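Just so it is clear, none of the values below were taken in a lab; they were calculated from the coordinates. These figures come from a predicted structure and were not determined experimentally. As a convention, Cβ positions derive from the backbone with ideal geometry for all residues, glycine included, and neighbour counts pool all protein chains shown.
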Amino acid sequence: MTQKHIIIVTGLSGAGKSEALNCLEDMGFECIDNMPLSLTTPLLSDVSALPDKLALGVDARTREFETYAQTFADELEHISGIKTDIVYLTASSAELLKRFSTNRRRHPLAMGRPVDESLALEETLLAPLKNKASLTIDTSEFAPSNFWKVLQAQFDDAQNPHMQVFITSFGFKHGMPTMADMVFDVRHLKNPHWEPSLKPFTGESQKVRDYVESDDNFEKTSTRLLDLLTYQLPVFETLDRPYATVAIGCTGGAHRSVTMAIYIEKALKEAGFSATLRHRDIDKHKNDIPVKDSQHAPKSA
């Protein structure tokens, strides 16, 4: 008989709770959003009446949340005959502020408070659930499709059971990635930025990749990176991690880091890893291309 499974989805407003519930629904979970904690004890009291796969969206705005949060977190650990998980979603303050500004949404706990104070209060209220979370996901730099892959890798039995590996290129001048597990610097490779015929293009262009890969240090660097990754990533997987993020940086995040990230992603896939590629800062370069150069730059890879 299949063991029943309940997932509690919670976290900061704007961090992706609705997106997570949509993903779990696609995986066959019965989903209930904004579930008042005062109703969960009666709901879970009869395990036989529950669906095999149930996901409950819980957040701090629900009625009497503060009163029931710690009790609920404690009780959830002692439900017999059922597998339980708490998924806690978070993101950087800067990213959450940007999302609220972009969507013109008011924080549900605002009550006259600015967004940053509302987020701080929310994090305090959610602490009992956060402390019991079996999976914490920082969605600051995740596209929705990559967010879904993390959840599918963790909870969808029909999916590839292996850990999801995200390869991210970036530019150091735009700031370090906030959620990278490993960061590699490839600024020692020769730079297409200083070649007028290559500068308008990015590492998505074959001629830029040919130029970067012609550097004698490229093969030495890529070989050592792959040796480390093919050793380290399986170690991460033994810790039941659903994903790992590998960040590769150059100065602007358009040429050398993109070239190396493309190479590493392809090599990891050939080695049997489940890898996904993202170029964080490549659009910043494309937007900076002068009009006279953009006429000659490729629209896509």
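Of [x] 87, 48, 36; [y] 68, 49, 27; [z] 67, 66, 47, which is the value of Cα extents along the principal axes in Å derived from the coordinates here? Recomputing Cα extents along the principal axes in Å here gives the entry labelled [y]. For the chain, take the longest principal axis of its alpha carbons; what is the angle in degrees between that and the long axis of helix 115-130, to the nearest 10 within 0 to 90? Rounded to the nearest ten degrees, it is 60. For the residue pairs Lys199/Lys266; Lys173/Lys269; Lys149/Lys173; Lys190/Lys284; Lys98/Lys284, the C-alpha atoms sit more than 22 angstrom apart in Lys199/Lys266; Lys173/Lys269; Lys149/Lys173. For Lys53, the aspartates and glutamates whose Cα comes closer than 14 Å to its Cα, not counting residues fewer than 8 places off in the same chain, are Glu25, Asp26, Glu30, Asp85, Asp156, Asp157.
Once C-alpha pairs closer than 8 Å and six or more residues apart are averaged by separation and normalised to the residue number of segment 70-220, the relative contact order reads 19 percent. To the nearest ten degrees, helix 65-76 and the longest principal axis of the Cα atoms of the chain are 90 degrees apart. Among Leu125, Leu89, Leu54, the order by Cβ neighbours within 10 angstrom, fewest to most, reads Leu125, Leu54, Leu89. Compute the Cα gyration tensor for segment 16-98, then decide on rounded, prolate or oblate, letting a ≥ b ≥ c be the square roots of its eigenvalues: rounded whenever a/c is under 1.5, prolate when a/b is larger than b/c in the other cases, and oblate in all that remain. The shape class here is oblate. Convex hull volume of the C-alpha atoms in segment 116-210, normalised per residue: 180 Å³.
According to the Kirkwood relation over distinct C-alpha pairs, the hydrodynamic radius of segment 4-155 is 15.8 Å. Put in line by how crowded their Cβ is, counting other Cβ atoms within 10 Å and starting with the fewest, Leu96, Leu239, Leu44 read Leu239, Leu44, Leu96. Quick check on segment 11-54: take the gyration tensor over C-alpha atoms, sort the square-rooted eigenvalues as a ≥ b ≥ c, and tell me if it's rounded (a/c under 1.5), prolate or oblate. Note, shape of segment 11-54 comes out oblate. Its DSSP H runs of at least 4 residues, each contributing -39,500 (n - 2.57), put the calculated 222 nm mean residue ellipticity of the chain at -12500 deg cm²/dmol, to the nearest 500. Taking the square roots of 5 times each eigenvalue of the Cα gyration tensor of segment 164-294, largest first, gives ellipsoid semi-axes of 27, 16, 12 Å.
Using only the alpha-carbon atoms, how far is helix 93-103 inclined from the longest principal axis of the chain? Give it as 0 to 90 degrees, nearest 10. The two axes meet at around 80 degrees.
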